[in-house]
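Reading through the C-alpha coordinates given below for one structure.
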(Lines give C-alpha, C1' and ligand atoms only; values in the text may rest on other atoms or scores of the structure.)
Protein backbone atom coordinates (compact mmCIF):
# COMPACT_ATOMS: atom_id res chain seq x y z
CA UNK A 1 0.00 0.00 0.00
CA UNK A 2 1.38 3.40 -0.98
CA UNK A 3 1.83 6.15 1.61
CA UNK A 4 -0.91 8.29 0.08
CA UNK A 5 -3.39 5.40 0.12
CA UNK A 6 -2.50 4.53 3.73
CA UNK A 7 -3.00 8.15 4.76
CA UNK A 8 -6.40 8.27 3.08
CA UNK A 9 -7.44 4.97 4.67
CA UNK A 10 -6.43 6.02 8.19
CA UNK A 11 -8.15 9.39 7.85
CA UNK A 12 -11.30 7.68 6.62
CA UNK A 13 -11.28 5.25 9.56
CA UNK A 14 -10.71 8.09 12.02
CA UNK A 15 -13.53 10.14 10.50
CA UNK A 16 -16.00 7.25 10.46
CA UNK A 17 -15.08 6.22 14.02
CA UNK A 18 -15.48 9.68 15.50
CA UNK A 19 -18.58 10.52 13.46
CA UNK A 20 -20.33 7.34 14.53
CA UNK A 21 -19.21 7.73 18.13
CA UNK A 22 -20.49 11.29 18.42
CA UNK A 23 -23.71 10.57 16.49
CA UNK A 24 -24.51 7.49 18.59
CA UNK A 25 -23.77 9.39 21.80
CA UNK A 26 -26.10 12.23 20.78
CA UNK A 27 -28.84 9.73 19.97
CA UNK A 28 -28.31 7.77 23.19
CA UNK A 29 -28.51 10.96 25.26
CA UNK A 30 -31.59 12.32 23.50
CA UNK A 31 -34.26 11.62 26.11
CA UNK A 32 -37.97 11.93 25.29
CA UNK A 33 -37.13 13.35 21.86
CA UNK A 34 -35.41 16.33 23.51
CA UNK A 35 -32.57 16.97 21.07
CA UNK A 36 -31.08 19.63 23.35
CA UNK A 37 -30.30 16.96 25.93
CA UNK A 38 -28.50 15.03 23.24
CA UNK A 39 -26.55 18.07 22.11
CA UNK A 40 -25.57 18.85 25.71
CA UNK A 41 -22.81 16.23 25.42
CA UNK A 42 -20.73 18.79 23.51
CA UNK A 43 -19.74 20.34 26.84
CA UNK A 44 -17.56 17.28 27.57
CA UNK A 45 -13.86 17.10 26.72
CA UNK A 46 -14.36 13.63 25.24
CA UNK A 47 -16.76 14.93 22.61
CA UNK A 48 -14.79 18.09 21.95
CA UNK A 49 -11.49 16.26 21.42
CA UNK A 50 -13.16 13.69 19.16
CA UNK A 51 -14.86 16.46 17.21
CA UNK A 52 -11.48 18.10 16.66
CA UNK A 53 -9.98 15.01 15.07
CA UNK A 54 -13.20 14.36 13.13
CA UNK A 55 -13.04 17.85 11.62
CA UNK A 56 -9.31 17.47 11.02
CA UNK A 57 -9.78 14.19 9.17
CA UNK A 58 -12.67 15.63 7.14
CA UNK A 59 -10.63 18.64 6.01
CA UNK A 60 -7.62 16.42 5.27
CA UNK A 61 -9.77 14.06 3.20
CA UNK A 62 -11.54 16.78 1.23
CA UNK A 63 -8.81 19.46 1.24
CA UNK A 64 -11.62 21.95 1.84
CA UNK A 65 -10.65 25.39 0.46
CA UNK A 66 -7.04 24.17 0.33
CA UNK A 67 -6.86 24.41 4.14
CA UNK A 68 -4.75 21.27 4.16
CA UNK A 69 -1.86 23.26 2.71
CA UNK A 70 -2.01 26.06 5.28
CA UNK A 71 0.55 26.40 8.05
CA UNK A 72 -2.28 26.67 10.59
CA UNK A 73 -3.73 23.30 9.56
CA UNK A 74 -0.35 21.59 9.54
CA UNK A 75 0.28 22.87 13.06
CA UNK A 76 -2.91 21.23 14.36
CA UNK A 77 -1.91 17.58 14.14
CA UNK A 78 0.26 17.32 17.25
CA UNK A 79 -1.91 19.33 19.67
CA UNK A 80 -5.16 17.59 18.73
CA UNK A 81 -3.36 14.25 18.97
CA UNK A 82 -2.30 15.15 22.51
CA UNK A 83 -5.93 16.05 23.38
CA UNK A 84 -7.39 12.78 22.12
CA UNK A 85 -4.64 10.84 23.90
CA UNK A 86 -5.56 12.66 27.11
CA UNK A 87 -9.17 11.60 26.53
CA UNK A 88 -8.25 7.94 26.14
CA UNK A 89 -5.74 7.78 29.00
CA UNK A 90 -7.94 9.70 31.47
CA UNK A 91 -10.91 7.47 30.73
CA UNK A 92 -8.89 4.27 31.01
CA UNK A 93 -7.32 5.22 34.35
CA UNK A 94 -9.92 7.33 36.15
CA UNK A 95 -13.33 6.78 34.60
CA UNK A 96 -13.50 3.27 33.12
CA UNK A 97 -13.13 1.46 36.49
CA UNK A 98 -16.38 3.04 37.73
CA UNK A 99 -18.21 3.29 34.40
CA UNK A 100 -21.59 1.53 34.25
CA UNK A 101 -22.69 2.57 30.76
CA UNK A 102 -24.50 -0.02 28.67
CA UNK A 103 -26.09 -0.40 25.27
CA UNK A 104 -25.59 2.45 22.83
CA UNK A 105 -23.82 4.49 25.51
CA UNK A 106 -21.15 1.80 25.73
CA UNK A 107 -20.84 1.55 21.95
CA UNK A 108 -20.24 5.29 21.73
CA UNK A 109 -17.86 5.21 24.69
CA UNK A 110 -15.76 2.43 23.17
CA UNK A 111 -15.52 4.22 19.82
CA UNK A 112 -14.58 7.56 21.38
CA UNK A 113 -12.28 6.33 24.16
CA UNK A 114 -10.72 3.09 22.97
CA UNK A 115 -10.60 3.26 19.16
CA UNK A 116 -10.20 6.92 18.19
CA UNK A 117 -7.18 7.76 20.43
CA UNK A 118 -4.87 4.91 19.29
CA UNK A 119 -5.89 5.39 15.66
CA UNK A 120 -5.01 9.09 15.84
CA UNK A 121 -1.72 8.34 17.58
CA UNK A 122 -0.86 5.80 14.89
CA UNK A 123 -1.69 8.37 12.21
CA UNK A 124 0.45 10.97 14.01
CA UNK A 125 3.47 8.66 14.17
CA UNK A 126 3.42 8.17 10.42
CA UNK A 127 2.29 11.53 9.09
CA UNK A 128 3.51 14.26 11.43
CA UNK A 129 5.96 16.09 9.16
CA UNK A 130 6.99 18.89 11.49
CA UNK A 131 10.08 18.78 13.65
CA UNK A 132 8.63 19.57 17.05
CA UNK A 133 10.16 21.60 19.87
CA UNK A 134 9.34 21.40 23.57
CA UNK A 135 8.38 25.08 23.62
CA UNK A 136 5.43 24.25 21.35
CA UNK A 137 3.72 22.44 24.22
CA UNK A 138 2.98 25.74 26.01
CA UNK A 139 0.53 26.69 23.26
CA UNK A 140 -0.96 23.21 23.24
CA UNK A 141 -1.90 23.61 26.92
CA UNK A 142 -4.15 26.62 26.30
CA UNK A 143 -7.20 24.59 25.33
CA UNK A 144 -7.04 22.03 28.22
CA UNK A 145 -6.55 24.86 30.72
CA UNK A 146 -9.54 26.75 29.31
CA UNK A 147 -11.58 23.55 29.58
CA UNK A 148 -10.61 23.18 33.26
CA UNK A 149 -11.74 26.76 33.88
CA UNK A 150 -14.99 25.94 32.03
CA UNK A 151 -15.46 22.85 34.20
CA UNK A 152 -14.88 24.82 37.39
CA UNK A 153 -17.36 27.48 36.28
CA UNK A 154 -20.09 24.87 35.69
CA UNK A 155 -19.29 23.23 39.04
CA UNK A 156 -19.41 26.45 41.06
CA UNK A 157 -22.25 28.19 39.22
CA UNK A 158 -24.60 25.33 38.38
CA UNK A 159 -23.40 22.29 40.35
CA UNK A 160 -22.95 20.67 36.95
CA UNK A 161 -19.99 18.31 37.30
CA UNK A 162 -18.63 17.40 33.89
CA UNK A 163 -16.52 14.61 35.37
CA UNK A 164 -16.31 13.08 38.86
CA UNK A 165 -13.10 14.96 39.66
CA UNK A 166 -15.01 18.27 39.28
CA UNK A 167 -17.35 17.30 42.13
CA UNK A 168 -16.47 20.01 44.66
CA UNK A 169 -18.81 18.88 47.51
CA UNK A 170 -17.40 15.36 47.30
CA UNK A 171 -13.69 16.12 46.97
CA UNK A 172 -13.38 19.58 48.51
CA UNK A 173 -9.87 20.96 48.19
CA UNK A 174 -8.74 17.66 46.70
CA UNK A 175 -10.46 18.91 43.54
CA UNK A 176 -7.52 21.22 42.92
CA UNK A 177 -5.09 18.35 43.37
CA UNK A 178 -7.01 16.39 40.74
CA UNK A 179 -6.88 19.36 38.38
CA UNK A 180 -3.15 19.77 38.96
CA UNK A 181 -2.68 16.10 38.17
CA UNK A 182 -4.73 16.54 35.01
CA UNK A 183 -2.58 19.52 34.01
CA UNK A 184 0.54 17.48 34.72
CA UNK A 185 -0.84 14.61 32.64
CA UNK A 186 -1.60 16.92 29.74
CA UNK A 187 1.92 18.34 29.93
CA UNK A 188 3.44 14.87 30.12
CA UNK A 189 1.56 13.68 27.02
CA UNK A 190 2.65 16.75 25.06
CA UNK A 191 6.27 16.30 26.13
CA UNK A 192 6.06 12.61 25.21
CA UNK A 193 4.96 13.47 21.67
CA UNK A 194 7.81 15.93 21.24
CA UNK A 195 10.26 13.37 22.67
CA UNK A 196 9.11 10.69 20.24
CA UNK A 197 9.26 13.16 17.37
CA UNK A 198 12.77 14.36 18.21
CA UNK A 199 14.25 11.06 19.33
CA UNK A 200 12.95 8.66 16.71
CA UNK A 201 11.27 10.11 13.67
CA UNK A 202 13.56 13.03 12.92
CA UNK A 203 16.64 11.39 14.41
CA UNK A 204 16.34 8.71 11.72
CA UNK A 205 16.17 11.41 9.07
CA UNK A 206 19.32 13.27 10.25
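The values are calculated or read from the model by the stated rules, or taken from the named source; none is laboratory data. All figures in this text were calculated on a predicted structure; none of them were measured in a lab. So basically every Cβ, Gly included, is an ideal-geometry build from the backbone, and we count neighbours across all protein chains shown.
A few comments on the model shown:
- Of all residues in the range 65-94, those that are in a helix (DSSP H, G or I) and modelled with pLDDT under 85 total 6.
- Inter-residue pairs, beta-carbon under 8 Å, first on the phi > 0 side of the Ramachandran plot and surrounded by 14 or more Cβ atoms within 10 Å (Cβ to Cβ) and in the range 172-200, second in a helix (DSSP H, G or I) and at pLDDT below 90, 6+ apart: none
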